[in-house]
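Q: Have a look at this one before I ask anything.
The values are calculated or read from the model by the stated rules, or taken from the named source; none is laboratory data. Everything quoted here is computed from the prediction, not taken from an experiment. Note that each Cβ is placed from the backbone with ideal geometry, even for glycine, and that neighbours are counted across all protein chains shown. All accessible areas refer to the heavy atoms of the entire protein, side chains included, with ligands and DNA or RNA removed. Shrake-Rupley method; radii C 1.70, N 1.55, O 1.52, S 1.80 Å.
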Amino acid sequence: MIGPTGPQEEKIVSRKQGFVWLALQERLLERDIKMEKPGHSLGYEVDATVERPGKRPLLIEIKSGATAADIHTGAGQLHLYPALIPAIAGHERILLLPGRPHEDVVAASPS
């Protein structure tokens, strides 16, 4: 979850991310694909993991914005979580954004 600058923003961010998570889960369940949210005893919890027969599982981080800060946060989470939660260390990492970031941010981001 993106840290709030005020109590209302936290609720809005949380709801947007929840809507995306539920929509993704619904689409995957239609195809008999299971999505999970593994966590760590210290309270870390990934947004989603998806098993794919014959392929590496996915580790998905969902962001409700596409700013440089959102991408920085999401990329950091995708980097740290596999080290904190060994069961997801081999997963393919996906950062799910609500739209394409500004071209300058895209150009500055690693592929």
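Q: Is it the case that residue 64 is closer than 30 Å to residue 102 by Cα, modelled with pLDDT under 90, in a loop (DSSP other than H, G, I, E, B) and not acidic (Asp, Glu)? Spell out the reasoning first.
A: On the way: closer than 30 Å to residue 102 by Cα: yes; modelled with pLDDT under 90: yes; in a loop (DSSP other than H, G, I, E, B): yes; not acidic (Asp, Glu): yes.
The answer is yes for residue 64.
Q: Here is a follow-up. Taking the range 36-55 on its own, how many of its residues are open to solvent by less than 60 Å² (accessible area, probe 1.4 Å) and at pLDDT 90 or above?
A: Residues flagged as open to solvent by less than 60 Å² (accessible area, probe 1.4 Å) and at pLDDT 90 or above within the range 36-55 amount to 5.
Q: Quick test of your reading of the structure: residue 23 fulfils all but one of (1) free of Cβ contacts under 8 Å to residues at least 12 places away in the same chain; (2) hydrophobic (A, V, I, L, M, F, W, C); (3) touching a strand residue (DSSP E or B) at 6+ places or on another chain (Cβ under 6 Å). Name the failing condition by number.
A: The number of the failed condition is (3).
Q: When residue 41 is evaluated against the numbered criteria (1) without any contact (Cβ under 8 Å) to a residue 12 or more places away in the chain; (2) in a strand (DSSP E or B); (3) polar (S, T, N, Q), which criterion, by number, is the only one it fails?
A: Of the numbered conditions (1) without any contact (Cβ under 8 Å) to a residue 12 or more places away in the chain; (2) in a strand (DSSP E or B); (3) polar (S, T, N, Q), the odd one out for residue 41 is (2).
Q: Further, regarding this structure: Which residues, counting only those in the range 56-94, are touching a helix residue (DSSP H, G or I) at 6+ places or on another chain (Cβ under 7 Å) and open to solvent by 50 Å² or more (accessible area, probe 1.4 Å)?
A: Listed by number, the residues that qualify are 68, 89, 93.
Q: Another question, then. Could you check residue 58 against (1) of a type outside the set (Ser, Thr, Tyr); (2) at pLDDT below 90; (3) touching an Asp or Glu at 6+ places or on another chain (Cβ under 7 Å) and say which number it fails?
A: (2)
Q: Exactly one of (1) under 30 Å from residue 104 (Cα atoms); (2) open to solvent by less than 60 Å² (accessible area, probe 1.4 Å); (3) under 13 Å from the mean Cα position of the chain (by Cα) is unmet by residue 23. Its number?
A: (3)
Q: As an exercise: evaluate residue 55 against (1) in a loop (DSSP other than H, G, I, E, B); (2) in contact (Cβ under 8 Å) with a residue 40 or more places away in the chain; (3) not aliphatic (A, V, I, L, M) and give the number of the one condition it does not meet.
A: The one condition residue 55 does not meet is (2).
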